[in-house]
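Q: One structure follows; several queries about it will come next.
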Amino acid sequence: MKFKKENVRVAEKTSSRSFRSLIRSLGPGIITAALVFGPGSLTINTKLGASFGFSLLWVLVLSTIFMLAFTSMSTRIGLNSPASFISRIKTEISPVLGIICGVSIFLITASFQAGNTIGASISFSELSGSPLWMWVAFFSLATILLLFLKSFYKVLERLMIGLVSIMLLCFLLTLIMAGPNLVAMAQGLIPSIPKGSDYLIITLTASSFSIVGAFYQSYLVREKEWKKGAKEITLAENRTGIITLGLLSSLVMSCASAVLYHNNISVDNASDLGKALEPLFGQFTSTLFMIGLFAASFSSMIGNATIGGVILSDTIFGHSKLSYWSVRSMIILVIIIGATVALIFGSLPLQLIIFAQGITILIVPLVAIVLVIFSSTQLITEELRNSVYMKVMGVLGILVLSGMSIYSIKYLFF
């Protein structure tokens, strides 16, 4: 009996140590979740929840599975070599391909930065009744000032973990107060395509299955200075971050379904859901959701600028560490572009949205192919190479993304 008790104590200590190790290792996966889950994701999840109820929850599950696979590939690429991903593409495949990937990713992030800046600012504008431009200027300046901190990565990591925690708490409490139909939620996990949802499903998949976010995961792993020996804890942290991303999207869609769909309220963006909550559930619930909206937008505003700046610096100067001022100056460039567009137009112009979508459509399948090639061949050590399952997921992911691109080209341009 005493022997059994000792075994139980040892098991509990081991489990406790493993949990503490995972908590300490949180960073890259959570940062990826925070930067992918921004105002665009919030808006599309809100609109789909309001229009189709819980019936498209299965798309989020599928997107999360693909995102898990591709961020895992990128994580192992980051563990494999001290050289950055763009540098390796240039030297081991083609310099032209490296430049195409790097410049395209920068243009995508720069094009969407205005939406992130407006999303972060509109929450405080709505809550305080003050002009939008004031908050655009404030948050843009605050983000730039963060770059002057000596340990920017550590600050970024802690800030993102804090913002993700706020989002989870706010959206979960909002959902509980909305009182969703649990049976209907479960039925939403069964694949179905409601009439008129075709292109919106593609948009939803693109917002949750972000190849740009997956690509950047390798840079975060290098910034964290993880090595091959940390493979298991690194991959576990990645799973935690991406499952959190799927959970956040599901919570928002479920909130929109419970509040808007069942009350026949139409919306144009996520802030409309915050406004709709007040007459139904009181000001506290509305404020809670708007705080979550701010956390999602501000985290994406910082994260999106960081991706664009890091990738452009790596492409042009060969520097990708956040400690380099060439990197920080490129991040500032993305922030200024976003703030300028936001201040001039007050929203993301339609032409810029089409431009960004056009680049995304063309570059996303290419980046996915590069990720799969690198993680499946001798370009990566055998211990980190894709398993059969990962290779299958890679091929399926490329097919899904290519199909989405073809459909999007027809939908947008023909």
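Q: On a 27 Å Cα-Cα criterion, which of the cross-link pairs Lys47/Lys154; Lys154/Lys227; Lys90/Lys154; Lys231/Lys391; Lys195/Lys410 come out too long?
A: Lys47/Lys154; Lys90/Lys154
Q: If you don't mind, another one. In nm, to one decimal, how far is the Lys391 label point from the Leu379 one, both placed 7 Å along Cα→Cβ?
A: With each label point 7 Å from Cα toward Cβ, the separation is 1.6 nm.
Q: Charges on Cβ only, +1 for Lys and Arg, -1 for Asp and Glu, centred on the Cα centroid of the range 34-347; of Thr109, Asn264, Leu127, which one is farthest towards the dipole's positive end?
A: Thr109
Q: At 222 nm, what helix-only mean residue ellipticity would the chain give, in deg cm²/dmol to the nearest 500, using -39500 (n - 2.57) for each DSSP H run of four or more?
A: Result for the chain, helices only: -27500 deg cm²/dmol.
Q: Using 0.36 nm per residue, how much length does the chain from Ile316 to Lys150 gain when fully extended, once their Cα-Cα distance is taken away?
A: 57.4 nm
Q: While we're here: In a Gaussian network model over the chain where Cα atoms closer than 10 Å are linked, find which of Thr340, Thr46, Thr91 has the largest mean-square fluctuation.
A: Residue with maximal mean-square fluctuation among Thr340, Thr46, Thr91: Thr91.
Q: Over the chain, what relative contact order in percent results from Cα pairs under 8 Å that are six or more residues apart? Before the final figure, lay out each step's value.
A: Numbers: 642 pairs, mean separation 150.5, N = 414.
Rounded, it is 36 percent for the chain.
Q: Using a simple charge model, +1 on the beta-carbon of Lys and Arg, -1 on the beta-carbon of Asp and Glu, nothing else, what dipole does the chain show about its Cα centre, in debye to the nearest 20?
A: Charge dipole, the chain, about its Cα centre: 1360 debye, nearest 20.
Q: Next question. Please give me, ordered by residue number, the chymotrypsin sites (Phe, Trp or Tyr not before Pro) of the range 95-163 that lie in loop per DSSP and have at most 11 other Cβ atoms within 10 Å.
A: Those satisfying the criteria are Phe148.
Q: Can you list which of the GluC sites (Glu not before Pro) found in the range 155-252 are DSSP loop residues with at most 15 other C-beta atoms within 10 Å?
A: In loop regions of the range 155-252 (DSSP not H, G, I, E or B), the sparsely surrounded GluC sites (Glu not before Pro) are Glu225.
Q: Right, something else. Scan the range 185-227 for trypsin sites (Lys or Arg not before Pro) in coil per DSSP, keeping those whose Cβ has at most 15 other Cβ atoms within 10 Å, and list them by number.
A: Taking the range 185-227 and a limit of 15 other Cβ atoms within 10 Å, the loop trypsin sites (Lys or Arg not before Pro) found are Lys195, Lys227.
Q: For a quick protection proxy, order the peptides 37-43, 364-370 by their average other-Cβ count within 10 Å, most packed first.
A: 37-43, 364-370
Q: Find how much the distance from Tyr199 to Ile243 grows on full extension, using 0.36 nm per residue of separation minus their present alpha carbon separation; answer in nm with one decimal.
A: Between Tyr199 and Ile243, full extension yields an extra 13.4 nm.
Q: Rounded, prolate or oblate: which fits the range 220-343, taking a ≥ b ≥ c as square roots of the Cα gyration tensor eigenvalues, rounded meaning a/c under 1.5, else prolate when a/b beats b/c?
A: Note, shape of the range 220-343 comes out oblate.
Q: Which peptide among 73-79, 62-68 comes first, and what is the full order, when sorted by highest mean count of other Cβ atoms within 10 Å?
A: 73-79, 62-68
Q: Between Gly318, Ala339, Val96, whose Cα lies farthest towards the positive end of the dipole of the chain when Lys and Arg beta carbons carry +1 and Asp and Glu beta carbons carry -1, centred on the Cα centre?
A: Gly318
Q: I would also like to ask the following. At 7 Å along Cα-to-Cβ for each site, give me the label-to-label distance between Val183 and Leu127 in nm.
A: So the label points at Val183 and Leu127 sit 3.8 nm apart.
Q: Now a separate question. Please work out the C-alpha center-to-center distance from the range 188-246 to the range 131-147 and express it in whole Å.
A: 28 Å
Q: Mean Kyte-Doolittle of at least 0.0 and a Cα length of 24 Å or more along the axis: which whole DSSP H helices of the chain meet both?
A: Span-like helices, by this rule, are 57-80, 95-128, 152-178, 231-259, 283-316, 325-345, 350-376, 388-413.
Q: Oh, and also: Tell me which label goes with the value of Cα Rg over 2.2 N^0.38 Å computed from the coordinates here: (i) 0.97; (ii) 1.35; (iii) 1.04.
A: Recomputing Cα Rg over 2.2 N^0.38 Å here picks out (i).
Q: While we're here: Taking a spot 7 Å from the Cα of Ile369 along the direction of its beta carbon, which residues of the range 61-77 have an amide N less than 20 Å from it?
A: 70-71, 73-74
Values quoted throughout were computed directly from the atomic coordinates according to the rules given, and no laboratory measurement underlies them. On a predicted model such as this, the values are computed, not experimentally measured, just so you know. All Cβ positions, even for glycine, are placed from backbone atoms using ideal geometry, and neighbour counts span all protein chains on display.
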